Amino acid sequence: MRRVNKDERTRISFTLNGRAVSGEAESRMLLTDFLRHVIGATGTHVGCEHGVCGCCTVLIDGVAARSCLTLAVQAEGRAVTTVEGLAAPDGALNALQQAFQRHHALQCGFCTPGILMSFTDYLARNPHPTEDEIRDVLSGHLCRCTGYAGIVAAVRAVSAGNSKQPS
Amino acid sequence: MKPRRFDYVRPDSAEEAVAVLAEYGDAASVLAGGQSLMAMLNLRVAEPAVLVDIARLKELDYIRVANGKVEVGAAVTQNQLKDWPELGGRLPLLAAALPFVGHFQTRNRGTVCGSIAHADPSSEIPLVLAALGGEVVLRSQRGTRVLAAADFQRGVMTTARAPDELIVAARFPTQWTRGVAFREVARRHGDFAIIAVAACVEDRNTLRIGIGGVADRPAVQHAPISVAADAKDMFEKLAQELEGYDDLHASARLRRDLLRRVGPVVVEEALRCAA
């Protein structure tokens, strides 16, 4: 049984974007804060901190989840993927990121990391979503610049690109 | 905001989990998917001394069919159940309701049993469980007991779970698969429902209707189809009986009005689907 008492700091280790990371935290520390303040991976943004805005969405074992509704200690032993893990090691953007760039799917960019992570998970499960399905996934995110049309266009473009690949 | 301090415990078995609950009682909260509880901790609406994390318990991560029911273990997420290939055939009403539960991202972590434990009066899963006459399985060191959905949910976010009990599973009866319909009204897709209506045809003569978001818990009605055929009057009466409540999302009056409008549509859909 894993136990972390409230006044204790414990060592927490998991895989972040394929690399083993580790740091100390209290039991109450959120995964968002652990990523940003302990590890220094500030690509994941913090918006509402109660699961509504979707900015902080990351992949935990490949599944899109709110890191603000996850304790750092819950990520122990898991594989966490954040927006920093999307581009190639040389910095080349992946297909989804390129489509966001091409279709002006971001303005201020605050919500973008979360949206990219949601669609990374969703497109892996459903490579050819309908526009309704894209909008359904997007309903889990808030973009205060209201740039939703560009985001839908970008995801559609990636989906169209997926269809060109031999199956 | 950030949560207050708490002791975090991650038991390796359900047996250990109930032992921890027996020790701490109502000072402890059970954490599964955390899609409601973590938000409440962050907002400091909930301040448990101990958090018991059951999300990794493999023995609670199962969906099985037994005795005319689908039993869903406490570690099963809403998306796991939504994507279960047999869901549409066995529990079409639940299949119709699950896409309305939160968002893709929250369903990835939020659990079926967690939603039942949270007992929000406008929540979809407790509504379907009540409408189908389902059950909740509770385990403690004292033993295991099974409660009917109607006896489990007692009011707004209030259930019959004793502080030392762990919800280990929920059971959804599978006998009504012919005519089902589900609709809800929310400000945005995935937001809390203002009202939700579920209907399923029991047999040639009877219809079951579940209403969420109007009373302090899901309201279930059995109506003769002859009466349901004139659904407008029935929902007029129900709207007056259930009264509704005022909150941030809607007034009681709006809830009653929505019920009058949405109810007959859902009944018509269920009857058409059964025909």
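Since every read-out is calculated from the coordinates, none of them should be taken as a lab result. Small disclaimer: the values here were computed from a predicted structure and weren't measured. Every residue, glycine among them, receives a Cβ derived from its backbone with ideal geometry; neighbour counts consider all protein chains shown.
A compact table of results
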item	result
Cα gyration tensor shape for chain A, rounded if a/c is under 1.5, else prolate or oblate	prolate
Mean Cα-pair separation over length for chain B, i.e. relative contact order, pairs under 8 Å, 6 or more apart, %	17
Gyration tensor (alpha-carbon) shape descriptor, the protein assembly as shown, a/c threshold 1.5	oblate
Beta bridges by DSSP in chain B, antiparallel share as percent, to the nearest 5	85
Residue among A:S118, A:G85, A:L69 farthest towards the positive dipole end of segment A:38-118, charges placed on Cβ	A:S118
Radius 10 Å from Cβ of B:Q105, net charge of other residues (Lys, Arg +1; Asp, Glu -1)	+2
Label zone at B:D247 (point 7 Å along Cα-to-Cβ), backbone N below 18 Å, segment B:32-52	B:34-47
Residue-count net charge about A:S118 - beta-carbon cut-off 14 Å; Lys, Arg +1, Asp, Glu -1	+2
Whole-number percent relative contact order across chain A, with pairs defined as alpha carbons under 8 Å at least 6 apart	21
Cα shape, segment A:9-85, gyration tensor, a/c 1.5 rule	oblate
Antiparallel %, DSSP beta bridges [both residues in segment A:9-85], to 5	90
Gaussian network model of chain B, springs between alpha carbon atoms under 10 Å - residue of B:V101, B:V128, B:V265 with greatest fluctuation	B:V265
Candidate aspartates and glutamates for bridging to B:K69, where Cα separation is under 14 Å - those fewer than 8 sequence places away on the same chain excluded	B:E86, B:E135
Ranking of A:L71, B:L60 by count of other Cβ atoms within 10 Å, fewest first	B:L60, A:L71
Segment B:125-275 - charge dipole about Cα centre, Lys and Arg +1 at Cβ, Asp and Glu -1, debye rounded to 20	240
Fewest-first sequence of B:E86, A:E49 by Cβ atoms within 10 Å of each Cβ	B:E86, A:E49
Gain on full stretching of the segment that runs from B:K237 to B:D216 - 0.36 nm per residue minus C-alpha separation	5.8 nm
Dipole moment magnitude, nearest 20 debye, chain B about Cα centre, only Lys, Arg, Asp, Glu C-beta charged	480
Radius 14 Å from Cβ of B:L57, net charge of other residues (Lys, Arg +1; Asp, Glu -1)	-1
Cα-based helix-to-principal-axis angle, A:112-125 vs chain A, degrees rounded to 10	70
Cα-centre dipole for segment B:45-180 with unit charges at Cβ (Lys and Arg positive, Asp and Glu negative), debye to 20	280
Extended-chain gain in nm, criterion 0.36 nm per residue less alpha-carbon gap, B:S226 and B:T177	15.6 nm
Candidate lysines - alpha carbon under 17 Å from A:K6, same-chain residues fewer than 8 apart omitted	B:K2
Partners for B:K58 among aspartates and glutamates (Cα-Cα distance below 14 Å; same-chain residues under 8 apart left out)	B:D12, B:E15, B:E16
Segment A:C48-A:S13, length gained on full extension (0.36 nm per residue, minus Cα span)	10.0 nm
Charge dipole (the protein assembly as shown, unit charges on Cβ, about Cα centre) - positive-most of B:H103, A:C55, B:M157	A:C55
